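Enquirer: Quick one: structure below, then a few questions.
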Amino acid sequence: MKNLYFLILAFFFLIGTGKAQFKKVMDCNFKYGDYPWGSLTFSGNKLYGMESESGANSGATSSGTIFSINPDGSGIKDIFDFAPETGCTPNGSLTISGSMMYGMTMVGGNADHPGGCLFSIHTDGTGFKKLVEFTGANGYSPHGSLLLSGNVLYGMTYGGGANQQGNIFSVNTDGSGFKVLYDCPAYEGGIYPFGDLIISGNILYGMFSQSAKNGVGCIFSIHTDGTNYKDIFDFDSKNGGHPLGSLTLSGNVLYGMTERGGAGEMGCVFSVHTDGSSYKDLLDFNGLNNGAHPAGSLLLLGSVLYGITYDGGERNDGNIFSIHTDGSGYVNLHSFDYNDGASPRGNLVLAGNTLFGTAQSGGGGLGSLFSYQLSNPVK
């Protein structure tokens, strides 16, 4: 009986400890914006992010905001309010270099062709500048974030381009030198890019959410000058399908997630070599046990991958999880409920020893920002 008593105490201690690691940092609201679709970016001692709706110009094509906040939830500041002429409904995350931030909106930016825009702005909210207006011919409605390498930004648009199925582009940080590196073809290869690009040397890697071969997406590589495009791996539903996030690179191995496909059609975690060989399904999501339908990317810390799912978990509101790079050691770190946030999208970001992310709904009803403190020091 005594041993049973201590086991019960230990059980509740572990539950309490796990819950204490999770914290709702802020409920999103109409003033600072709501329904965050993208991820947070940590720079200096602040978190920066974008909300897809509301703000001072609420009602104008959903609008949206850029905000900053301290990691403890204090000091929330509305840095910029979007409007149709500046672009509306940002979907991705901010890319920060020094005191300059770069990002994209899905709509607005041009009265005649409101297909979103690419912009720059200082971290204090001054100096907003539209660098590129997406008009259809040069791309339309970007759904991801920008990659900065040197003084060049790389990105993708979900639609538009020569075949109206998206493209890959580059542009200088001052808005000059815009170049379409690759137009998604109408009847071959991948189409409708949804996530971000990553870079290794002069090679860009990314994923298309759909594809001509099997219809459910592929992984590709392309040189930064637009040459040598390669379809390096095709999803076929059984091994995953419809990726909505980005890849994570370690050595010559790429890690990622698909929103659909896998054994239960709820998505999976995978690894594959940069040449497309040695594909491995590390985890099949199955709903209540381990989450479902991830709509973001993985964060690699040492030999452990961290991620979030949009559905599934104990209350079907999504979860935070970790898994080793060899597919072992899966842990459900936190299952969301509506009060602390629901349907998290995007990626986790590390600040100190704490993970931060966004939930698209729940909290006060309009989404939330959350943190999860890791148990072991990050090295």
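The values are calculated or read from the model by the stated rules, or taken from the named source; none is laboratory data. Because the structure is a prediction, the values reported are computed rather than measured. We place every Cβ from the backbone using ideal geometry, glycine too, and count neighbours over all the protein chains shown.
Enquirer: So, in region 67-116, how many residues would count as being polar (S, T, N, Q) and closer than 15 Å to Leu47 by Cα?
Expert: The total comes to 7.
Enquirer: Further question on the same structure: Look at His223 and say whether it is at pLDDT 95 or above and under 21 Å from the mean Cα position of the chain (by Cα).
Expert: no
Enquirer: Give region 318-359 a look and list any residue that's at pLDDT below 95, surrounded by fewer than 24 Cβ atoms within 10 Å (Cβ to Cβ) and over 17 Å from Phe42 (Cα atoms), or say none.
Expert: Asp337, Tyr338, Asn339, Asp340, Ala342, Ser343
Enquirer: Looking at (1) among the β-branched types (Val, Ile, Thr); (2) under 21 Å from Gly215 (Cα atoms); (3) surrounded by fewer than 17 Cβ atoms within 10 Å (Cβ to Cβ), which one does Val253 not meet, given that it meets all the others?
Expert: Answer for Val253: the failing condition is (2).
Enquirer: Further question: Being at pLDDT 95 or above and in a loop (DSSP other than H, G, I, E, B) is the requirement here; does Ser246 meet it?
Expert: yes
Enquirer: Also: Do we find a residue being of a type in the set (D, E, K, R) and in contact with a strand residue (DSSP E or B) (Cβ under 6 Å, 6 or more places away or on another chain) anywhere in region 162-176?
Expert: Looking for residues that are of a type in the set (D, E, K, R) and in contact with a strand residue (DSSP E or B) (Cβ under 6 Å, 6 or more places away or on another chain), one finds none in region 162-176, hence no.
Enquirer: Looking at region 122-220, what strands (runs of 3 or more DSSP E) fall wholly within it and have at least 2 residues that are of a type outside the set (Ser, Thr, Tyr), touching a residue at least 24 places away in the same chain (Cβ under 8 Å) and closer than 19 Å to Tyr102 by Cβ?
Expert: Ranges flagged: 129-133, 147-149, 152-157, 167-172, 179-183, 198-200, 203-211.
Enquirer: Among the residues of region 232-244, is any under 18 Å from Ser39 (Cα atoms) and touching a strand residue (DSSP E or B) at 6+ places or on another chain (Cβ under 8 Å)?
Expert: Yes, region 232-244 has at least one match.
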